[in-house]
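The values are calculated or read from the model by the stated rules, or taken from the named source; none is laboratory data. Every value quoted in this text rests on a predicted model; they were computed, and no experiment measured them. Note that we place each Cβ from the backbone using ideal geometry, even for glycine, and neighbour counts take in every protein chain shown. What goes into the accessible areas is simple: the full protein's heavy atoms, side chains included, and nothing from ligands, DNA or RNA. Shrake-Rupley method; radii C 1.70, N 1.55, O 1.52, S 1.80 Å.
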Amino acid sequence: KGKELAELKAAIADSQQITTHCVYHWETTGYGFPEIEGLAKLNVVRAGKTDVAGSVRYCTVDGTAKNGVAYEAKDGVINFEPHETSKQVCITLIHDYEWNPDLDFFVVLEACETGHQVDGRSSRTTVTVVDADKAGNFAWSRANNTRVKHTERQAFLVIERRAAFGDTCYTKVATRNGNSMAGQHYEALDTVLEWRPFEMAKQIGVSLLPGEKPCDVDEWISRFYVDVTQVENKEGELMEG
């Protein structure tokens, strides 16, 4: 019983302390923003005695994200008017136009007035700078095959860009023979496509020729293949690795 009474008194003391002090904390302990967004917008919340003016200090701290490379360091004091319970802090993000892993930095709160406290459990928030320069993955909208009638003169195919769209990149598209022969049943295609940032799909056309089917079969399905490969540049040089 003595232990239970002590715990009860401690809980009451904590409750009274919250109501007689301003307590500051981040709205969440983790944020994520694409680097192309330009600003990381973070919310500071205060609880407890909010009917008075108050202030809290903040500063950024490097992690894998470095000041001047992935973001711009910032520090200052956030001032709350009476009854204000939330304020926003904006940190500038830097878009480096190069692929790199997602990077983190931190923003820390520190008390700067008597009677004003920072919640130790959420006094630091992690900001993840999400890389926007991944080329993404490329795939055909129809993964296995596209069927066209023998009377058609063009086969239309759609390439989709998935997972990331924030950088300019290139893909090489080339046909290869199956039982159909280039120059006899279709016109060979070998070209490089440029993908602009946030371009998510492209359509290509392969011209079909009125070639004759083999005379020794009653029914014949003409087949050729189209390959898509990511390349380094518009000259079609293969990427390293």
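Data for the structure
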| quantity | calculated |
| --- | --- |
| Residue that is nearest to residue 59 (Cα to Cα) [pool: residues in the range 95-134 that are under 19 Å from the mean Cα position of the chain (by Cα) and among the acidic types (Asp, Glu)] | 104 |
| Where a residue in the range 64-83 is over 16 Å from residue 107 (Cβ atoms) and its partner, wherever it lies, is basic (Lys, Arg), with Cβ under 7 Å and at least six apart | 80/46; 80/87 |
| Residues within the range 84-96 that are in a strand (DSSP E or B) and touching a residue at least 60 places away in the same chain (Cβ under 8 Å), tallied | 1 |
| Selection count, the range 114-139, where residues are surrounded by 15 or more Cβ atoms within 10 Å (Cβ to Cβ) and out of contact with any helix residue (DSSP H, G or I) (no Cβ under 9 Å at 6 or more places or on another chain) | 14 |
| Output for the range 65-101, where each listed residue is among the basic types (Lys, Arg) and loosely packed, with under 14 Cβ neighbours inside 10 Å | 66 |
| Condition broken by residue 190, with the remaining ones in (1) under 19 Å from residue 233 (Cα atoms); (2) at pLDDT below 80; (3) open to solvent by 90 Å² or more (accessible area, probe 1.4 Å) satisfied | (2) |
| Close pairs (9 angstrom Cβ cut-off, 6 or more residues apart or separate chains): more than 15 Å from residue 73 (Cα to Cα) and free of Cβ contacts under 8 Å to residues at least 40 places away in the same chain in the range 124-142, in a strand (DSSP E or B) and among the hydroxyl-bearing types (Ser, Thr, Tyr) anywhere | none |
| Enumeration of residues in the range 202-217 that are in contact with a strand residue (DSSP E or B) (Cβ under 7 Å, 6 or more places away or on another chain) and either more than 30 Å from residue 98 (Cα to Cα) or at pLDDT below 90 (or both) | 205, 206, 207, 208, 209 |
